[in-house]
Amino acid sequence: MLAGALAWRSRGWPLIHDAPLMHYIAWRIGEGAVPYRDVFDMNFPGVYLLHMLALELFGAGDAGWRAFDLAWLAGTSAAAAALAAPWGRLAAAGAGLFFAAYHLAGGAWQAGQRDFLLCPFLLLAALGVARWVEHPASRASLAWGGLALGAGITVKPHASLFAAALLVLVAAVAHRSGRASDGGAGASRRPAAGTSAASVAIFAITILVPLLAVGAWLGVVGAGPAWYEIVAGYLVPLYSRLGRPERWTFYRWHVWIPIAAGVACSIGSAIAARRFAARHAVVAIGLGYGAAHFVGQGKGWEYHLYPLAAFAAVALFAELPRLLEAGRLAALPLLACIVAAGAMLGSKGVAAADPAWIAAKERRVSAIVAGLEGRIAREDFVQVLDTTEAGIHALLRLRAVQPTRFIYDFHFYHDVETRTVRRLREEFLAGFDAHPPKFVVLFERGWPAGGYERVETFPGLRLRLSAYRVDRRGDGYIVYAR
């Protein structure tokens, strides 16, 4: 009921915040742009491929994006239910619906976040490994689980940590199975060892298949060198340290108190009853990875909790059927945690349904589009100086192209003493001069800090803007005309 009510309230969610950025890159790629070389972005190529799929199937409008998000959520919830299914129908339904409620309670800006897109790949990988551990003779589940995990790594490379953990589990189980089949007979030791190695090899190779396929795509289109330069020269040494908060707090974080208590209660019950089996172990590994995924990124952003939420939804309901069979008193602590978490998610979902900042950003996008529509010819360029305040979203609606590959401007205002940032500044100015934009849209809010005054710290940009006139001022932006 909670998930259904939140889904109904979410029906009007717009395409907003981070998602339009990836939509714009996907549109540019569809128009012939080379990722990374022609569009500077730090995300991995699997994200672009998913957004290209969304554009192809659902279009670039709000309704299409809502349909894609709900379809992805349904698939993720189904994967969570499948992972929990051996514990009973209640566990399966509870896991799927709880994750759906968790996502729908987050608000429109959570739709399409990369960590959310990663979740079905993680859950399918866990499901494949769990099924193989329970039935080692059949290795097909290892193969499709590995393929899913490899695809997930192309979305967020952090999933490689989960891959490593599952590989260790597969190796340990395969080794134990090999020893058991050996039965102490020296003559049969070699075939058993070969069987164990085959299981590990199948899982490892299938993980590599999507990585190699996406890598081949980047190579064919000529994106490889630019991708490597962004990752090795900017993402790892500079961007990974940017925007780390003093306090890791996010909107209504208190919901994680009953979730954590419920997960501890469920896992503890399985251990106490000596029911902690292979599937529990896989889910526990997922929980550990989810925590590392959040902490390791160091940003404290709420959507980095999605992998943890996916496995927590499964763990929460894993032991509930058994505890209910044992009696109401045995199930009471876990039920209390689930009810408390559900109530807090419901309250959060109502509060996040129509926040003022999203409405303001929608108005900003529409105002910019209205101000530029009909004034840009096909050969004209528009440069936005922005991060997520509506600039690229407006260009997506206008089908407008920039003279440079930079869809964000924050790269130019941090670590300015480094050779990398100096080179990015020089490249930006060269592109600006080679194809002077007809309009420049400067947004007030910089990231992780700064306002309009940030331009003063970039003398080359300040000089070029001096050759433009102010065309109009809006809520949080200035349009300059050549």
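The values are calculated or read from the model by the stated rules, or taken from the named source; none is laboratory data. Computed from a predicted model, the values in this text were never measured in an experiment. Methodologically, a virtual Cβ is constructed for each residue, glycine included, from the backbone with ideal geometry; neighbour enumeration extends over all protein chains shown. What goes into the accessible areas is simple: the full protein's heavy atoms, side chains included, and nothing from ligands, DNA or RNA. Shrake-Rupley method; radii C 1.70, N 1.55, O 1.52, S 1.80 Å.
Each row is one residue, and each column tells you yes or no for (1) within 19 Å of V401 (Cα to Cα); (2) open to solvent by 60 Å² or more (accessible area, probe 1.4 Å).
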| site | (1), (2) |
| --- | --- |
| F412 | no, no |
| F443 | yes, no |
| A449 | no, yes |
| L463 | no, yes |
| S466 | no, yes |
| V470 | no, yes |
| G474 | no, no |
| V479 | yes, no |
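Going by the conditions given, is V421 at pLDDT 95 or above and buried (at least 16 other Cβ atoms within 10 Å of the Cβ)? When the stated conditions are applied, V421 passes them. Here L167 qualifies as open to solvent by 30 Å² or more (accessible area, probe 1.4 Å), farther than 13 Å from A79 by Cα and out of contact with any Gly (no Cβ under 6 Å at 6 or more places or on another chain).
Of all residues in region 112-139 being small (G, A, S) and modelled with pLDDT under 95, which is most open to solvent (accessible area, probe 1.4 Å)? Restricting to residues being small (G, A, S) and modelled with pLDDT under 95, the top hit is A137.
Working only within region 298-337, note down all residues that are open to solvent by 20 Å² or more (accessible area, probe 1.4 Å) and within 19 Å of the chain's Cα centre (by Cα). Once the filter is applied, which keeps residues that are open to solvent by 20 Å² or more (accessible area, probe 1.4 Å) and within 19 Å of the chain's Cα centre (by Cα), region 298-337 yields W301, L308. Applying a threshold of 9 Å to beta carbon distances and a minimum spacing of six or more residues, or different chains, the list of pairs starting in region 259-279 at a residue that is over 16 Å from F311 (Cα atoms) and ending at one that is outside any helix (DSSP H, G or I) reads S269/R275; S269/E319; A273/E319; R275/E319.
In the condition set (1) of a type in the set (A, V, I, L, M, F, W, C); (2) exposed (fewer than 15 other Cβ atoms within 10 Å of the Cβ); (3) modelled with pLDDT of 95 or more, A273 is compliant with all but (3). Where helices (runs of 4 or more DSSP H) fall entirely within region 1-103, those with at least 1 residues that are at pLDDT below 95 and surrounded by fewer than 23 Cβ atoms within 10 Å (Cβ to Cβ) are at 2-9.
Whenever a residue of region 302-326 is free of Cβ contacts under 8 Å to residues at least 40 places away in the same chain, its partners that are in a helix (DSSP H, G or I), lying with C-beta atoms within less than 7 angstrom and at least six residues away or across chains, give the pairs L308/L287; L308/G290; L308/A291; L308/H293; L308/F294. Does L212 satisfy the condition of being part of a helix (DSSP H, G or I), modelled with pLDDT of 95 or more and open to solvent by 60 Å² or more (accessible area, probe 1.4 Å)? When the stated conditions are applied, L212 passes them.
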